[in-house]
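Participant: I have a structure I would like to understand better, so I am pasting it below and will then ask my questions one at a time.
The values are calculated or read from the model by the stated rules, or taken from the named source; none is laboratory data. Treat the numbers as computed from the prediction; the structure is a model and nothing was measured. Using ideal geometry, Cβ is built from the backbone for each residue, glycine included, and neighbour counts are taken over all protein chains shown. Quick note on the areas: whole protein, heavy atoms, side chains included, nothing else; ligands and nucleic acids left out. Shrake-Rupley method; radii C 1.70, N 1.55, O 1.52, S 1.80 Å.
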Amino acid sequence: MPPFPVRTLLLNGSAAGTGENNLVALMEGDTLLAERKLPGRGASERFVPVVRQLLEEAGWDRLPAREKARQLGVIAVTGPGSFTGLRATLALAAGLRRGWQCAGIGVSLGEAIRATLDDRQATVLCHARRGRIFVDPPPGLMAVTDPYAVPISEVWPGQWQRVAGDAVEGSEALPELLERLGKEVEILPCSAPLASGLLKAARSSWARRLSRAAEAQDERAFTPLYVDPPEARLPAAGLRLPPQ
């Protein structure tokens, strides 16, 4: 298995709240060269100019010509998120990956937050649309739920000792949800992954998933994971024929 690349672009367009929990960052090894944090809705629409700015800040736009074609080694993306935000982030990552001919890694938001905390047993609760929350427990059986319609402690019994994420920590934490979880649950101080945590999760994913030959170039690397069925529907009469 090849070693994990040195230069990394990290994209987190998954945050659905209003806090600045979306992230674009450039790292060289373990060194954070440049980053931007953006608020939730519409963040992915601003990723393209932000990536350009960070490349300039890091000096990667001034690399020798022979290095520019491979100025990045890997692009890491996290989800789940809103339908549009997730698809836009993945489309950007896929396009950059094809242009730079680099590897692609997808990690879940829960993996990235657990890596940031260095706590493999934390259950991650983050805002989704329409007042619901994403639930990402350590077993990885991700789901979305209405925290007020379902007794959340009954969804995954035994997985609620330690929780993190913007639904339970930070300025966007839900007081009613905290109350329903109970006083015995420990709230961990992490509403969104740091760049170092996302990088750590990407390295773990690289070790697990890229051991097979040529998978670093697998076009399925950025396949979206939907915890809800997509709301888009095909037309009842079928798709129109392509223009001639």
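Participant: Before we move on, is Arg180 surrounded by 10 or more Cβ atoms within 10 Å (Cβ to Cβ), modelled with pLDDT under 90 and either part of a helix (DSSP H, G or I) or touching a Gly at 6+ places or on another chain (Cβ under 9 Å) (or both)? Give the derivation first.
Facilitator: Details: surrounded by 10 or more Cβ atoms within 10 Å (Cβ to Cβ): yes; modelled with pLDDT under 90: yes; either part of a helix (DSSP H, G or I) or touching a Gly at 6+ places or on another chain (Cβ under 9 Å) (or both): yes.
So Arg180 passes the test.
Participant: Something else: Restricting to region 1-16, name every residue that is surrounded by 16 or more Cβ atoms within 10 Å (Cβ to Cβ), modelled with pLDDT under 90 and over 14 Å from the mean Cα position of the chain (by Cα). So that I can check it myself, show each step before the final result.
Facilitator: The first filter runs over region 1-16 and keeps only residues surrounded by 16 or more Cβ atoms within 10 Å (Cβ to Cβ), leaving 4-5, 7-16.
Filter again for modelled with pLDDT under 90, leaving 4-5, 7, 13-16.
Within region 1-16, Phe4, Pro5, Arg7 qualify.
Participant: Do we find that Pro137 is at pLDDT below 85, open to solvent by less than 40 Å² (accessible area, probe 1.4 Å) and within 18 Å of Ser191 (Cβ to Cβ) in this structure? Give the derivation first.
Facilitator: On the way: at pLDDT below 85: no; open to solvent by less than 40 Å² (accessible area, probe 1.4 Å): yes; within 18 Å of Ser191 (Cβ to Cβ): yes.
No; evaluated as a whole, the condition is false for this residue.
Participant: Next up: Within region 95-106, take every residue that is open to solvent by 10 Å² or more (accessible area, probe 1.4 Å) and not aromatic (Phe, Trp, Tyr) and give me the one that is nearest to the chain's Cα centre (by Cα). Outline the logic, then answer.
Facilitator: Initial filter on region 95-106 (open to solvent by 10 Å² or more (accessible area, probe 1.4 Å)): 95-101, 106.
Of the ones still in play, those that are also not aromatic (Phe, Trp, Tyr) are 95-99, 101, 106.
Values: Gly95: 17, Leu96: 17, Arg97: 16, Arg98: 20, Gly99: 21, Gln101: 21, Gly106: 7 Å.
Looking at residues that are open to solvent by 10 Å² or more (accessible area, probe 1.4 Å) and not aromatic (Phe, Trp, Tyr), I get Gly106.
Participant: Condition check: open to solvent by 30 Å² or more (accessible area, probe 1.4 Å) and either modelled with pLDDT of 80 or more or not in a helix (DSSP H, G or I) (or both). Does Gly81 satisfy that?
Facilitator: Values: open to solvent by 30 Å² or more (accessible area, probe 1.4 Å): no; either modelled with pLDDT of 80 or more or not in a helix (DSSP H, G or I) (or both): yes.
The answer is no for Gly81.
Participant: What's the number of the condition Leu10 fails, among (1) in a strand (DSSP E or B); (2) without any contact (Cβ under 8 Å) to a residue 40 or more places away in the chain; (3) among the hydrophobic types (A, V, I, L, M, F, W, C)?
Facilitator: Against the list (1) in a strand (DSSP E or B); (2) without any contact (Cβ under 8 Å) to a residue 40 or more places away in the chain; (3) among the hydrophobic types (A, V, I, L, M, F, W, C), Leu10 comes up short only on (2).
Participant: In region 195-204, is there at least one residue being assigned to a loop (DSSP other than H, G, I, E, B), at negative phi and open to solvent by 20 Å² or more (accessible area, probe 1.4 Å)? Outline the logic, then answer.
Facilitator: Just the residues of region 195-204 that are assigned to a loop (DSSP other than H, G, I, E, B), to begin with: none.
Within region 195-204 (the criterion being assigned to a loop (DSSP other than H, G, I, E, B), at negative phi and open to solvent by 20 Å² or more (accessible area, probe 1.4 Å)), the answer is no, since none of the residues qualifies.
Participant: Something else: Looking only at region 107-134, which residues are among the acidic types (Asp, Glu) and surrounded by 22 or more Cβ atoms within 10 Å (Cβ to Cβ)? If you could, list the steps in order and put the result at the bottom.
Facilitator: Of region 107-134, the ones among the acidic types (Asp, Glu) are 111, 118-119.
Correct list: Glu111 only.
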